[in-house]
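Data first, discussion second: the structure below is written as structure tokens.
The values are calculated or read from the model by the stated rules, or taken from the named source; none is laboratory data. Given the structure is predicted, the values throughout are model-derived calculations rather than measurements. So basically every Cβ, Gly included, is an ideal-geometry build from the backbone, and we count neighbours across all protein chains shown. Accessible surface is based on the protein model in full, side chains and every heavy atom, while ligands, DNA and RNA are left aside. Shrake-Rupley method; radii C 1.70, N 1.55, O 1.52, S 1.80 Å.
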Amino acid sequence: MSNWNAETIRTLVPELETHLSQLKQIFISEYKDFPLPINNGLLAGRAGCILVQSILSEIYKEDKEVIKREIDNHIELLIGLIEKEPNCPITYCNGLAGIGWLFCYLSDKAIIETDIDEFLSDLDEILEIELERLINEADFDILHGALGLGLYFLKRNRMQKVERIILSLDTSAEKFGEGLAWRQAIKYQGEGENFIYNLGLAHGNIGIAYFLYKCLDKEVVSKKAMELLVRNLSFYRSVMQDWSKEGCYFPAVIYRPNGDQPGHSRLSWCYGDLGIFYIQLLVAIRINDHSQVEFVTECLRKTVTRTEVENSGVVDSCFCHGAAGAAYIYLKIFAISNDPVFLTASRFWLNKAFLLSTDGNGNATYSFAGSDQRQFTADILTGYGGVYLTYLAFLHPHADNSWDEVLFLS
């Protein structure tokens, strides 16, 4: 992503360099003394800190050896903690699947020298058993269900397990107009709710679409993946709302059997128009559907007008549902489209992320909106890990950004 001048960003947010320096120090050497998430996971825990360290090792060449040693030590610590934990979570977000994905990523990038083969072999056995349980529960959540394990098996090139997931998606899909959709697993629904079609990236149908998109290059499953993917796109077309009435194209969820219940959704990575249309843009480009590319891009242009709390729902700087996620996704869209409207939007949300991460004097606070109070946390999804990665993307536009695969963005 090198279609803009990083100096312009430094002019836009001059205090950003100071924040970058502070965060670099935290993640390289001081992270042990800062509050970490309560688990060891990739998107909400210690493994995510290792991912950030790996990115720093590639950007700051002068510190590469120091950072790599820290990564090796951190991985040994992580493995030791996992071995001591009697009931380690198995999910992509918080558990073993995400940690395994990270180790594969680091190995592919030749960032780590730690021997992880035995660990991954043991992991395969555990996750194969858990995959069957999740499939039997029709739990296709990408963060916490079968598809998160599927992303790990894709990294491991364990195509028999990937094929098992694709066939399960095929048999569990429900017709919805001209399209296909999947219900959200019952265990994620509130008490007394009718069944739900979740539309979001974090937990819903567009997360399933992303998984299918990742399967298109795998010959053994590509034909069925393409069929399901195209019909899921038709589902999304059929549930689009009237922008003039709702202020957005998609609700967060659709309840059945009581009707569509259109409603407002936030502008974010996890739910709503931005995450949905971004994945659809990737898919349309991949399958060479030029009319779909034009349609999705035009819809995305309309989303840039949602800049207030009331119509965006953005109240903090985090990646998941905050300003950093919006800034980064619009930056990605600009890199794809070269349309300056998206660069302007990305800069707006970058500045907003900075303002929401500071006190009145411009000092970094990195506290985030929790259920009861603003919380200080280091994780990628809802903490300063994701904010830091966004800052780095803007100020180091020539750096490798393939790390964003961890957030289903490539």
- Message: Applying a 10 Å radius around every beta-carbon, put 399-406, 326-333 in order of their mean neighbour count, most first.
- Response: 326-333, 399-406
- Give me the aspartates and glutamates in straight-line cross-link reach of Lys155: C-alpha distance below 12 Å, same-chain residues under 8 apart excluded. Asp108, Asp124, Glu405
- Separation of the Val309 and Thr358 label points, Cα + 7 Å toward Cβ, nm: 1.9
- Rounded to the nearest 10 Å², the accessible area of Met226 using a 1.4 Å probe with every protein chain kept is 70
- Cα gyration tensor, the range 146-240 - rounded (a/c under 1.5), prolate or oblate: oblate
- Placing +1 on each Lys and Arg Cβ and -1 on each Asp and Glu Cβ in the chain, then taking the dipole about the Cα centre, the residue among Tyr249, Ile112, Leu20 whose Cα reaches farthest towards the positive end is Tyr249
- Which value in nm describes the separation of the simple spin-label points at Asp124 and Met240, placed 7 Å from the Cα toward the beta carbon? 4.4
- Anything over 24 Å Cα to Cα? Flag those among Lys161/Lys332; Lys109/Lys214; Lys24/Lys61, in the order listed. Lys161/Lys332
- Message: For a quick check of understanding: with a 1.4 angstrom probe and all protein chains in place, what accessible area in square angstrom does Ser238 have, to the nearest ten?
- Response: 60
- Task: Would you check the accessible area of His290, probe 1.4 Å, heavy atoms only, in square angstrom rounded to 10?
- Result: 130
- Message: Counting pairwise Cα distances across the range 45-187, what percent come out greater than 21 angstrom?
- Response: 48
- Evaluate E = 1/(1 + (r/R0)^6) for Phe195 and Glu227, where r is the Cβ-Cβ distance and R0 equals 35 Å; express this FRET efficiency to the nearest 0.05. 0.90
- Query: Looking only at Asn157, Asn311, Asn198, which one moves most when the chain is put into a Gaussian network model with springs between Cα atoms under 10 Å?
  - Reply: Asn157
- Query: Which distance in nm do the two modelled labels at Ser402 and His264 give, with both placed 7 Å along the Cα-to-Cβ direction?
  - Reply: 4.1
- Message: Need one number for the range 161-297: average projected area of the convex hull over its C-alpha atoms, nm².
- Response: 8.5
- In Å, what Rg and Dmax follow from the Cα atoms of the chain? 20.5, 60
- Net lengthening on full extension, Lys64/Arg286 (0.36 nm per residue, minus Cα-Cα): 76.5 nm
- Item | the range 144-200, Cα convex hull volume normalised per residue, Å³ | 102
- Message: Once you keep just the Cα pairs under 8 angstrom separated by 6 or more residues, what percentage relative contact order results for the range 66-172?
- Response: 28
- Using alpha-carbon pairs under 8 Å, 6+ residues apart, how would you state the relative contact order of the chain in percent? 16
- Message: Semi-axes of the equivalent ellipsoid for the range 94-177, please: Cα gyration tensor eigenvalues, times 5, square-rooted, ordered largest first, whole Å.
- Response: 26, 12, 11
